[in-house]
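The values are calculated or read from the model by the stated rules, or taken from the named source; none is laboratory data. Just so we're clear, the structure is a prediction, and the values are computed from it rather than from any experiment. Ideal geometry is used to build each Cβ from the backbone, glycine not excepted, and the neighbour counts take in all protein chains shown. Surface accessibility is based on the protein's heavy atoms, side chains included, excluding ligands, DNA and RNA. Shrake-Rupley method; radii C 1.70, N 1.55, O 1.52, S 1.80 Å.
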Amino acid sequence: MLASSEQKRRKKPKPNLRFSLSDFLPPGTVYFYSFPVGEDSRFYNCTIPWKEELIGARPLICAGDKINVITFSSTIEKETWKMFTEKINAATIDHNQIIPLPDEITAGVNDSKRNRLVKAALKMFNHQGRLIMTQPYLNKHLFDMYQISPKLSNKLNDKINQPLYIPKKYLPVRYKRFSNGKKLFAYKGLIPLPCVVKVSSSTSGDGVRICKDIGSLKAAQKDFKRIRGSVLVEEFITAAHNLGIQFGIPYDSEKPIEIIGFNEQLTSEQGDYLGGIVNPKKKIKSLKKIYKLLENTVLPEVRRWGWHGVGGVDVLVHNDGKFYFIDPNFRMTAAFVYIYLARNKLAETPLVSFTGLYKGSKYLFEKNIVPIAKENLKNQRIKIIALTRYRGAYRFNAGMFFKEAADLKKNAKKLLKIGIQSDVLEQLARSDFEYEV
């Protein structure tokens, strides 16, 4: 933690924000944006540790003034934090609201050891009944720390349970359900193609394979052979739009459910989530119908079960306007921060999110990256929302601004040229990305 005298020197006037996580969760909530590694707690996650640490830092931007945030120590390391808050001028929560995990949990620690150390830290903090974890551990000795039953969170985030609260007509046809990956691998029966193979409890495309031919289906069976949890095989939907709808269910039952916004999702041909476009002015067919179904049918049922907070649901929209719910995310999602920025007039131009890596010294980062990332400058081209330094490289989550569809390719090339490495930017730079602003 920074010394109190340093905190006072570094405090900046905060913008008068209308909306944040604090609007949906009770004062004193402790928020931890993190997922179990591997298949701990019956949830599949293969995000590498340095990316997980960036994920954990996102609430530092959007938590508001009533919520404390647990984060990995790398994201508030003195020099990196100074770069983020003073050089880039990113507006974050007050440092007194930040609860760092022990320094020993670094990006070099993975697998069961990482889970073990995180669980020990959570128990040590002893946040009785106040903790919200995006995908909670299911260890019984942690249960009394959670604000929402971890079993309920697990139930809602498992795709297998979508028919319990979403009408069947708005779901893809489910061809097969396997209790584990071994049974999927051994199955020799007929499966319609194309199809989508999904680990039912997973996130960010980690457990999704789009199979358009027998070869890709066999590859998916092999990839998921060791999965201990259930695996689904569902109808492949040809979509004009792949949307992430963001919503909020306030803890105060007197306050109405709110649709916060939406993003358009970029995915690889294999179904991996790459990033998302946030463009609040975009008009998309069927959005009003989707919102109405969520507000009047789906989310009231979830509220009755006892869940509250912010979350998202992935929806595919066909050319004819029909839509299908494909993935529940009853937790803060990657897109929430960017929609938060747009809602609060902190990012008024459309942007596409990406994860970037810059190999270079502090001097080079200040010379090449800070001038295009610094807040409130006319030449600002990217919006950095989380920053760490690991193994001699700066790593960050950011949004790339654009005004016209052609800018996606042009701006991506410029960012790659100054040394930013990113799968999303490379994809945008390689092809003419069709997008109607």
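Can you order the peptides 288-296, 236-244, 394-402 by their average number of other Cβ atoms within 10 Å per residue, highest first?
Working: 288-296: 14.8, 236-244: 17.2, 394-402: 24.1.
Per-residue Cβ counts within 10 Å, averaged per peptide and sorted highest first, yield 394-402, 236-244, 288-296.
Give a quick list of GluC sites (Glu not before Pro) in region 155-256 that DSSP marks as loop, anything other than H, G, I, E or B, with at most 11 other Cβ atoms within 10 Å.
Glu254
Taking θ as phi - 60°, what are the ³J(HN,Hα) couplings along region 316-328 by the Karplus curve (6.51, -1.76, 1.60), each to the nearest whole Hz, with x for Gly and Pro?
Residue by residue, region 316-328 yields 9, 10, 7, 4, 7, x, 5, 9, 9, 7, 10, 7, x Hz.
How many percent of the accessible area of region 270-368 is carbon or sulfur, using a 1.4 Å probe? Mind showing how you got there, number by number?
Working: 2150 of 4230 Å².
Taking all protein chains in place, region 270-368 shows 51 percent carbon and sulfur surface.
Carbon and sulfur: what percent of region 111-212's accessible surface (1.4 Å probe)? Each step should come with its number before you reach the end.
Numbers: 2660 of 4850 Å².
With neighbouring chains kept in place, the figure for region 111-212 is 55 percent.
Near Lys417, which aspartates and glutamates are there with a Cα under 19 Å away, not counting those fewer than 8 places off in the same chain?
Glu366, Asp407, Glu426, Asp432
Here are several values of Kirkwood radius over Cα pairs in Å: (1) 22.4; (2) 21.8; (3) 23.3. Which one was derived from the coordinates shown?
Answer label, from the structure shown: (1).
Classify region 349-395 as rounded, prolate or oblate from the Cα gyration tensor: take a ≥ b ≥ c as the square roots of its eigenvalues, call it rounded if a/c is under 1.5, otherwise prolate when a/b beats b/c and oblate if not.
Details: a/c = 2.69, a/b = 1.45, b/c = 1.86.
Cα axes put region 349-395 in the oblate bin.
For region 71-177, what is the accessible area per residue in Å², given a 1.4 Å probe and the full set of protein chains?
Working: 4760 Å² over 107 residues.
Per-residue accessible area for region 71-177 comes out at 45 Å².
For region 385-437, report the accessible area per residue in Å² (1.4 Å probe, heavy atoms, rounded to an integer). Can you show the working numbers first?
Values: 2730 Å² over 53 residues.
Per-residue accessible area for region 385-437 comes out at 52 Å².
Can you give the helix-only mean residue ellipticity at 222 nm for the chain, where every DSSP H stretch with n ≥ 4 adds -39500 (n - 2.57) and the sum goes over all residues, rounded to the nearest 500 deg cm²/dmol? Spell out each step's value before the answer.
On the way: 15 runs with 119 residues, N = 437.
Calculated mean residue ellipticity at 222 nm is -7500 deg cm²/dmol.
With just the Cα atoms defining each centre, how far is region 403-437 from region 70-149? Give it in Å.
33 Å
So which trypsin sites (Lys or Arg not before Pro) in region 156-221 pass both tests, a DSSP loop state and at most 13 other Cβ atoms within 10 Å of the Cβ?
Here the trypsin sites (Lys or Arg not before Pro) that fit, given the DSSP loop and packing criteria, are Lys188, Lys212.
Ranked by accessible surface with a 1.4 Å probe, highest first, in what order do Leu416, Leu193 come?
Details: Leu416 50, Leu193 75 Å².
Sorted descending by solvent-accessible area, the residues read Leu193, Leu416.
Among the lysines in region 283-358, how many pairs, 8 or more places apart or on different chains, have alpha carbons under 24 Å apart?
Values: Lys283/Lys292; Lys283/Lys322; Lys283/Lys345; Lys285/Lys322; Lys288/Lys322; Lys288/Lys345; Lys289/Lys322; Lys292/Lys322.
Qualifying lysine pairs in region 283-358: 8.
Lys pairs in region 117-181, Cα-Cα under 27 Å, at least 8 apart or on separate chains: how many?
For region 117-181, qualifying lysine pairs total 21.
What do you reckon, how do Glu53, Glu366, Glu104 stack up by accessible area (1.4 Å probe), largest on top? Show your work: numbers first, answer last.
Values: Glu53 5, Glu366 60, Glu104 115 Å².
Sorted by accessible area, descending: Glu104, Glu366, Glu53.
Any aspartates and glutamates with Cα under 16 Å of the Lys113 Cα? List them, leaving off those in the same chain fewer than 8 positions away.
Qualifying aspartates and glutamates at Cα under 16 Å: Glu39, Asp40, Glu52, Glu53, Asp103, Glu104.
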